Amino acid sequence: DDDLFAEDEGFGDVNFHYPGLDFCQTRPTLVCTPEEDAFNPCEDLAGFSFLRVAIWFINILAIAGNLTVLLVFFTSRSKLTVPRFLMYHLAFADLCIGIYLLMIATVDLCTRGHYSQHAIEWQTGPGCSAAGFLSLFGGELSVYTLSTITMERWHTITNAMQIERCLGLTQAATIMAAGWFICLGMAMLPLVGISSYTKVSMCLPMDIETPQAQAFIIILLLFNVGAFVVVCVCYVLIYLAVRNPELPGRSADAKIAKRMAVLIFTDFLCMAPISFFAISAAFKVPLITVTNSKILLVLFFPINSCANPFLYAIFTKAFRKDAYQLMSAMGCCKSKASIYRMKAYCSENAIKNDLRQKNKGSRAGMRLAAMQQQSLHLKEEGEVT
């Protein structure tokens, strides 16, 4: 009976053990595409949960702030000045960074938990290339425009007594046209084979396999470091030019120094950490993983894009005047707009009358008039609030 039962259990020579169904011997494994490596860890695009929240907060702040600046400036009835013209370009450049972060955040939201299934489609598709182009173009144009704004302030303040030497709109347009040409060229190079936007999920040019790509990354970093040095030197020269050693009070000097320190500190936070780790990676000595570098890219890279519209525009008196005038045209805040118009009119006339009187006097009077003109320029641009 036992032999008969054994024969019935086996059903003769038929074998019911299929390797594909034997879960005890063959366990399914997660396969990432593209294959996991140092540049493409098998994880979601954002990598960390807190980054997923931070990237939305930062991109909304950057987009809202810079769109507000562009809206108020474009609808303003004030005369187009060189600082205002440069601020258009700065807001547009920072808006590009905000749009880049919005694209990254949207893709991360749509592919959460299964990014590996969409990695090839995203990184090799037009979306990643467009995001990378916006990131590099916006970042470099922002750096270039910040340097131009700082140098324009230094040049205007140090040549306050020589109005003919001040930067004109035609000269500013030429300088910015050159900046657009340089930044567009930098952003186009990864699209034509010099480095690549498809190396990592964040769509930044991290490809350093060829000598040309390595040289490209080093040139980008040196450009950013050089711009930061220019900004620092110009602000030190501005402070030395506007401080008044003849007066015992130092409150105005302290305000100027604090404001400049904030501007330099935000630039340093934005550029220094990324530049340090990127230079080490460019020389093929990486000190940080791609996973951890996402923290730098989300929390430090867009600092200027979020801070610039507030530090250079929204917190300034000139912007508040334009904003109240716009709201007055829409039927609200008419009293505030009238106050700002009256203050601007009185201040401008007082400075003009004082300059006419001082120009007829001694050299000391002319020097004092120049210092007052410097102070007016700083107040108009928001350096002293």
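So that you can scan it fast, the table gives a plain yes or no per residue for (1) touching a residue at least 40 places away in the same chain (Cβ under 8 Å); (2) not charged (D, E, K, R):
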{"position": "Tyr144", "(1), (2)": "yes, yes"}
{"position": "Arg153", "(1), (2)": "yes, no"}
{"position": "Ala173", "(1), (2)": "yes, yes"}
{"position": "Phe181", "(1), (2)": "no, yes"}
{"position": "Gly193", "(1), (2)": "no, yes"}
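How about segment 62-76: which of its residues are open to solvent by 60 Å² or more (accessible area, probe 1.4 Å) and of a type in the set (A, V, I, L, M)? Result: Leu67, Leu71. Only a single item in (1) modelled with pLDDT of 60 or more; (2) over 30 Å from His155 (Cβ atoms) is not met by Ala38, and it is number (1).
Here segment 124-141 is the region considered, the condition is being open to solvent by 10 Å² or more (accessible area, probe 1.4 Å) and touching a Ser or Thr at 6+ places or on another chain (Cβ under 8 Å), and the residue that is nearest to Asn59 (Cα to Cα) is Ser129. In the set Gly12, Gly20, only one residue is in a helix (DSSP H, G or I), modelled with pLDDT under 75 and more than 32 Å from the chain's Cα centre (by Cα); that residue is Gly20.
Selection of segment 77-100 for residues being open to solvent by 60 Å² or more (accessible area, probe 1.4 Å), closer than 30 Å to Cys166 by Cβ and within 19 Å of the chain's Cα centre (by Cα) yields only Phe92.
Restricting segment 101-121 to residues that are more than 23 Å from the chain's Cα centre (by Cα) and in a helix (DSSP H, G or I) leaves a set whose member that is nearest to Arg52 (Cα to Cα) is Cys110.
Reported count of residues in segment 175-232, each being within 18 Å of Ser275 (Cβ to Cβ) and open to solvent by 40 Å² or more (accessible area, probe 1.4 Å), is 11. Residues that are surrounded by fewer than 21 Cβ atoms within 10 Å (Cβ to Cβ), under 24 Å from Tyr144 (Cα atoms) and of a type in the set (A, V, I, L, M, F, W, C) are absent from segment 40-56.
Residues of segment 308-335 that are modelled with pLDDT of 80 or more, open to solvent by 20 Å² or more (accessible area, probe 1.4 Å) and small (Gly, Ala, Ser): none at all. Only a single criterion out of (1) within 17 Å of Arg84 (Cβ to Cβ); (2) at pLDDT below 90 is not satisfied by Tyr197, namely (1).
Tell me which residues, restricted to segment 98-131, are among the aliphatic types (A, V, I, L, M) and in contact with a Phe, Trp or Tyr (Cβ under 8 Å, 6 or more places away or on another chain). Reasoning before the result, please.
In the first step, residues of segment 98-131 are kept if they are among the aliphatic types (A, V, I, L, M); the result is 99, 101-105, 107, 109, 119-120, 130-131.
Once the filter is applied, which keeps residues that are among the aliphatic types (A, V, I, L, M) and in contact with a Phe, Trp or Tyr (Cβ under 8 Å, 6 or more places away or on another chain), segment 98-131 yields Ala105, Val107, Ala131.
Only residues that are modelled with pLDDT under 85 and open to solvent by less than 10 Å² (accessible area, probe 1.4 Å): list them for segment 142-159, please. Passing the criteria: only Ile157.
The values are calculated or read from the model by the stated rules, or taken from the named source; none is laboratory data. Note that the coordinates shown come from a computational prediction; the quantities given were computed from them, not determined experimentally. As a convention, Cβ positions derive from the backbone with ideal geometry for all residues, glycine included, and neighbour counts pool all protein chains shown. Only protein heavy atoms, including side chains, enter the accessible area calculation; ligands, DNA and RNA are left aside. Shrake-Rupley method; radii C 1.70, N 1.55, O 1.52, S 1.80 Å.
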